[in-house]
Amino acid sequence: MHQTLCGKWRHSHTLSMMNNTFDTKITRYLTEQQVSFRLLLHETPAVTIEDAAKQRGIRTSQMVKSIVLRDMGNLYALACAPGDQSVDPKKVRALLECRRMTCVDLNLVPELTGYQIGTVTPLLLKTPMSVIFDHKILLEDEVTISSGSNMAGIAIKREDLVKLCDPVFADICRE
């Protein structure tokens, strides 16, 4: 039995501190793209979505949770939903017209995305894949994504995130 990303949120420490500034490939990318963002530092590594939201001083619904899915032919998709929702792989499967869609094995997440478990974000993915946002993400003007580290999140205007990752919008959350 393989452990999967569905329903789990784990973290690994991957930050780079240079001259007391927080620096990850995501913060560098956003700066290069001239996109405004706020860094939301954690006091301790976040261990759950609720913990990360509390440390960031936000609601879980403002967080963009990213789940890596694959079909039987190794077609990958990143399904993104508000942090207080659950992705329904069957809805993603129907959208992509696949026979079966499941969460990828946890061990494959870093290789496929370039991020550790719990720090996956819809930007700068290592493996090209469809990015799907649930429509509920549109309910928030400002959302938070991972900085690529479990020690900070990034607050960004939803419209800027949408421009940067050009997702497909669909209803992909469980009822």
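What follows is calculated from the coordinates using simple rules that are stated; it is not laboratory data. Please read these numbers as outputs of a predicted model, since none were measured by experiment. Using ideal geometry, Cβ is built from the backbone for each residue, glycine included, and neighbour counts are taken over all protein chains shown.
Which whole-Hz ³J(HN,Hα) couplings does the stretch 76-87 yield from phi under the Karplus relation 6.51 cos²θ - 1.76 cosθ + 1.60, θ = phi - 60°, glycine and proline marked x?
9, 9, 10, 9, 10, 9, x, x, 8, 10, 10, 6
Explain nothing, just compute: Karplus ³J(HN,Hα) = 6.51 cos²θ - 1.76 cosθ + 1.60, θ = phi - 60°, for every residue of the stretch 116-130 in order, whole Hz, x for Gly and Pro.
Result, rounded to whole Hz: 6, 3, x, 10, 5, 9, x, 10, 6, 5, 5, 9, x, 7, 5.
Using θ = phi - 60° and the Karplus relation 6.51 cos²θ - 1.76 cosθ + 1.60, list the HN-Hα couplings for the stretch 35-50 in order, rounded to whole Hz, with x at every Gly or Pro.
Each residue's phi maps through the Karplus curve to give 9, 6, 7, 10, 7, 10, 6, 9, 7, 9, x, 5, 10, 9, 4, 4 Hz.
Match the structure shown to one of the listed values [x] 16.5; [y] 16.0; [z] 17.1 of Kirkwood radius over Cα pairs in Å, computed from it, and give that label.
Answer by label: [y].
Rounded, prolate or oblate: which fits the stretch 89-157 when a ≥ b ≥ c are the square roots of the eigenvalues of the alpha-carbon gyration tensor, with rounded for a/c under 1.5 and prolate only if a/b beats b/c? Mind showing how you got there, number by number?
Values: a/c = 2.34, a/b = 1.19, b/c = 1.96.
Because a/c hits 1.5 or more and a/b fails to exceed b/c, the stretch 89-157 counts as oblate.
Looking only at R100, R56, R28, which one moves most when the chain is put into a Gaussian network model with springs between Cα atoms under 10 Å?
Looking only at R100, R56, R28, the largest GNM fluctuation is found for R28.
Please count, across the chain, the pairs of lysine residues with Cα atoms under 20 Å apart that sit 8 or more places apart or on different chains.
Taking the Cα cut-off of 20 Å, the pair count is 21.
I need to check one value: relative contact order of the stretch 102-175, counting alpha carbon pairs closer than 8 Å and at least 6 residues apart, in percent. Mind showing how you got there, number by number?
Numbers: 88 pairs, mean separation 21.9, N = 74.
Averaging sequence separation for qualifying contacts and normalising by length gives 30 percent for the stretch 102-175.
Please give the contour-minus-distance gain from S36 to D51: 0.36 nm per residue of separation, less the Cα-Cα distance, rounded to one decimal in nm. Numbers along the way, then the final one.
Values: separation 15, 0.36 × 15 = 5.40 nm, distance 2.46 nm.
Contour length minus Cα-Cα distance gives 2.9 nm.
Tally Lys and Arg at +1 and Asp and Glu at -1 over the other residues with C-beta under 13 Å from the C-beta of I145: what net charge comes out?
On the way: positive: K25, R38, R56, K65, K157, R158; negative: E140, E142, D160.
Result for the neighbourhood of I145: +3.
Quick one: if the Förster radius is 35 Å, what FRET efficiency do Y29 and A94 give, using the C-beta to C-beta distance and rounding to 0.05?
Efficiency, rounded to the nearest 0.05: 0.65.
How high is the relative contact order of the chain, in percent, with contacts defined as C-alpha pairs under 8 Å that are six or more residues apart?
Details: 349 pairs, mean separation 52.2, N = 175.
Relative CO of the chain lands at 30 percent.
If you take every residue apart from M72 with its C-beta less than 12 Å away from the C-beta of M72, what net charge results, scoring Lys and Arg +1 and Asp and Glu -1? Mind showing how you got there, number by number?
Numbers: positive: R70, R93, R99, R100; negative: D71.
Surrounding charge for M72 is +3.
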